[in-house]
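Each reported figure results from applying straightforward, stated rules to the coordinates on display, with no laboratory input. The model shown is predicted, which means the values in this text are computed figures rather than measured ones. Because the Cβ atoms are built from the backbone with ideal geometry, glycine has one as well, and the counts that use them run over all protein chains shown.
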Amino acid sequence: MKFITSSIAGVAALAAAVAVSFSGASIAQDFPSKPIQIINAFAPGGATDTAIRGLTKMSDNFINQPIVIDSVTGGGGVTGILQASRAKPDGYTLLVADTVMTTLPLFQENLPVSAEDFRPIGVFNLRGAWLLARPSKGWETLADFVAAAKERPGELTVGVPALSSPQHLAVIAIEDTFDVDVNIIPYGGGAPTMAALLGDQIDAGMPGAPAGLDSVNAGEAVFLVASTELELVKFKGDMISFPEAGIPHDLGIWAALWAPKDTPDDVMAELATIFGGMAQSDDWTNFARSYGVTPIWKPLDEAEAYIGASAKSMSDLAKLIK
Amino acid sequence: MRHALIQELLVLTAILAISVLVFLQTSSIMDAGGSQVASGTFPRLAAGTMGVLAILRMLMFVAKLRTAKSPAEKARTFDGMYDWNWGNMHRIVAATVLMVLYIFLFRLVPFAPLTFTFIFLVFLSFGVRPWKRLLISTVLSSGFLTILFVYIVGIVR
Amino acid sequence: MTSHILAAFADIFQPMSFAFLFVGSALGLLVGVLPGLSSPMALAILIPITFGMEPFSAFMILIGIYVGTKTGGAFAAILIRTPGTPAAAATAMEGFPMAQRGEAGRALAISIGSSFLGGTVSWMVAVPLVGVIGLYAVRISSADLAMIGLMALAAVSSLSGRDLLKGLMSSCLGLILATVGLDELTGTPRLTLGYYQMLGGIPFLAAIVGLFAIATVLVDMSEEAVNAKPPTNRGRFNLISLMRELWSMRKQLAVGTTIGSILGVVPGVGSDTAGWLSFAYVKRQIEKGFLKSDRKIGEGVPQGLAAPEAANNAVTGGATIPMLTLGIPGDGSTAIMLGALMLFGLQPGPLFFHESPDMAYGILIALGVANLTTLLAAVLLIRPFTAVLRIDRSMLLGSVLILALAGSFASTNNTFEMMIALSFGVLGYLMHRFGFSIPAVALGLILGPVIESNFRRALMISRGDAMVFLTSPISLICIILLTLLAGKLLYDFVSKSKTQSETQNNQPTNK
């Protein structure tokens, strides 16, 4: 019932069918009897959007019903999250959201919705932020960067995609660990951050991997450190993560599927089985690795514990800002 | 003409009021953030400029009116502003109210053809002529939209 | 490189690929025609169906849509004064009056021809420079971006309004509205009035739909002549006379293409601004008598239609090439295309052209060829679309309202945007009534975030040193131009009010 490892479509579909019939739940017997809608609260084309589309690309192998991905954007992501939280908790309306679920309340008060309004179905991928610099700076390792930052306190500019993002927190972690002070510049997105870095307008940039992967491989940018263990198959070089560099934080940007909090347990279990099947399929793991995210699968309680731990380390770091 | 004068002054006052409101709303964020320019600076800059321009415009307007001698000259100062046709206001109000209604119905039944038809039937009663053709266009456009959104988007998914 | 380009041409002119590109262009035209439907939305909807296709064929469709929408916006702008896309808003200024006097076919032909020329010429210049365009694009610093935005705003708002003070007030209003939402640099919520929906700012597309589509309908409804029908399309417009006409306005086309090509590279400024700047240029030329025209601006001057249309399509190269060569998308549509490339397991960036030359050169060449397929599709659509004019305008108004509302819903799947569209429609109507400038508000809304966040970011990077605006050449040039513009406007303004008051005192009949 648990593992569907075959990539052959027919076998996988059969396995999924078997998994469904053995799950034993009464409501869940014929669970997806209509299309499942997944709300993505952020603009199409972004990392989470690409990941969920990649995950559900071969959904036909696992369920007989289509999976629809709807971008409900606006309100800095709150609109879509709120809409998903208000959906009927029957397992047909889900939400895909990343660490923003835990970082948003850290910086915004009085939000109408929070992670408390949801139950995680599973965490399905993990990425990280990575610190990149131009080769012209002459830095080869994180130590070089830190030395430069010590030499010119408060002067080195480090671009981050957004304030209060995990990328921003990752820079805070570096500042805190090595007791340096850099000038953090928010750029309003991963693309402008990379543009500013490649245009030599900032000294270093902390975009979310895999942004800039191709530039690193081409020698246009130098990799210094990653906020967590990254699995980038196309990366040519040694990957050094925060723990390896002596930074006592492990900042992963995870993406998870969520259901409204009143969704019944058997439906949750069924959803976890369906999406667990997709998240452990070769199609997805191959795609994820080539895309540049780490495929993982932490269902239900495991996800809750994982997300809780991640939220705690992020809120600890957030307290260090300013 | 007195209407036009009042109208112009009212509009400029409204603009001044917006500027003042922006200033009041941004007073709490003037110290926000550690950057060189505070969060409230730009809205205030824009609002301040707008307010000054409104006052300038008001002064020029009054000055022009005062220097004008004949009534014809005075009328010209309004420079195309005096074409307010109150006679047709009901159409605008009706359309706006109907659109609000439409949005509320839309929340209940997205893209439902029934909603379109309903809305346009009400439209008709407000006297946008000619009736028959409007009815045809309504049915056609609602049908078109329904097909476009519900079926095509549905199939694509 | 040449061999790859030739191979790409060969691939694209395969019957199937060409058919996909054509279908994409035709779809793009339709999406462009309908107010509220945008190319990012169409691309996002289509991506799931392209999963089952070959990556190359899939991208033929996507690129066709992207280029097609740029041209399609003009149809609605010319025929019913409701721009189908924000970028086509400037097209309505001269295009609609032309349609009103029975020259809809001619106006459409000119706009399609200009789109084709603008897109193709800009692309032909861009292809040999493909390796460096991205590198120049990223060199544009925050200080430069802020000043480019400010200059574009000043140029358009001072040139496109009837009354200078009201035009400037309108820009200020746009700028205020642009600051609504979370402050990008501090995370502080601003002017949201307690609506969480506004944390991300005023929904841009809905606001533009309201300002241009709904407001126009309301203005038309309030006019007595709501049931008037323009004369039907008289006179056939043939290819030779079109080419002759386009040749006669080659200077305006060249300026439009240049503005579009340059602004396409500037992130966040893009096509919406390029059209207005080109229009402002033509307007100025006519007012100053540099361009001989038997008509006044606003009465259907073909040049005022051709320049913005050329500019609209000229931006495609500049916005797309950095996505291919650096992996940095220039706008919403290219961001979605980037995501689609990644879904196919491709990684755009400096190595893209070496590692997947078929795809990379294929996309690059398709961007140019799509102008051709769009031209073909658009020419086929001229006749059926001009039939719209045979319908009573009053009949169309309701449909436009519904399309605009439904379209603004579709952009984010959220009914709040419909309320925003409606509110901006009423605002736009009132502004039109009281002589304010709607384009100036729209431009303020578009450029406000570009100006503000980049201005502040530049100061953050320089740690408060304002010299940064003078040391960067692009920024310095913009500041000089801005100063000249401001001086000129002030001079005109003072001398105008002087002569006005004099003539008013001496000669009451003379305006």
Placed amide H near A:Ile296: partners under 5 Å, 5+ positions off or other chain: A:Asn125, A:Leu126
Cut-off 17 Å, label 7 Å out along Cα→Cβ of B:Leu21, residues of the range C:201-220 by amide N: C:202-203
With a Förster distance of 45 angstrom and the Cβ-Cβ distance between A:Lys88 and A:Asp179, calculated FRET efficiency to the nearest 0.05 equals 0.30
Isotropically averaged projected area of the range A:211-322, using the convex hull of Cα atoms (one quarter of hull area), nm²: 9.2
Among the aspartates and glutamates, which fall within straight-line cross-link reach of C:Lys488, defined as a Cα-Cα distance under 17 Å, with same-chain neighbours fewer than 8 residues apart omitted? C:Asp163, C:Glu287
Per residue and in Å³, how big is the convex hull formed by the alpha-carbon atoms of the range A:130-226? 79
Partner chain Cβ atoms within 10 Å, averaged over the residues of C:402-414 - can you pull that number for me? 6
For the range C:103-219, what mean projected area does the convex hull of the alpha carbons give, in nm²? 11.5
Estimated vicinal HN-Hα couplings, Hz - the range C:299-304 in sequence order (Karplus 6.51, -1.76, 1.60; Gly, Pro = x): 10, x, 8, x, 4, x
Rounded to whole angstroms and listed largest first, the alpha-carbon spread of the range C:297-366 along its three principal axes comes to 52, 20, 16
Reciprocal mean inverse distance between Cα atoms of the range C:1-84 - Kirkwood radius, Å: 13.3
Ignore the peptide's own chain and count Cβ atoms of other chains within 10 Å of each Cβ in C:137-149; give me the average, rounded. 3
Any chance you could run the full-extension gain for B:Leu101 through B:Ser70? It's 0.36 nm times the residue separation minus the Cα-Cα distance, nm to one decimal. 6.3 nm
Spacing of the two label points (7 Å from each Cα toward its C-beta) at C:Leu470 and C:Glu287, in nm: 3.1
The correct pair for the protein assembly as shown, radius of gyration to one decimal and Dmax as a whole number, both in Å and from Cα atoms, is 28.4, 98
Averaged across C:318-326, how many Cβ atoms of other chains sit within 10 Å of each residue's Cβ atom? 2
Using only the C-alpha atoms of chain A, find the volume of their convex hull and express it per residue in Å³. 119
Under 5 Å between amide H atoms, partner at least 5 residues away or on a different chain: which partners does A:Ala129 have, H built in plane at 1.01 Å? A:Ala209, A:Ser227, A:Thr228, A:Ile253
Please list, or write none, the aspartates and glutamates whose alpha carbon is within less than 17 Å of the alpha carbon of A:Lys150, excluding same-chain residues fewer than 8 places away. A:Glu140, A:Glu175, A:Asp176, A:Asp179, A:Asp181, A:Asp203
Long-range amide H partners of C:Thr188 with built H, under 5 Å: C:Asp183
Please give the peptides C:292-305, C:474-487 ranked by average Cβ packing (other Cβ atoms within 10 Å per residue), highest first, as a rough proxy for protection. C:292-305, C:474-487
In this model, which of C:Lys166/C:Lys288; A:Lys234/C:Lys70; A:Lys57/A:Lys234; A:Lys34/C:Lys70 are farther than 32 Å apart at the alpha-carbon? A:Lys234/C:Lys70; A:Lys34/C:Lys70
May I ask for the net charge around C:Pro348, where only other residues with Cβ less than 14 Å from the Cβ of C:Pro348 are counted and Lys, Arg are +1 while Asp, Glu are -1? -3
Can you bin every Cα-Cα distance in the range C:2-488 into 20 Å intervals starting at zero and give me the percent of pairs per bin, rounded to whole numbers? 25, 60, 16, 0
Kirkwood hydrodynamic radius over Cα pairs of the range A:258-302, then Stokes diffusion coefficient at 37 °C and 0.692 mPa s, in µm²/s: 284
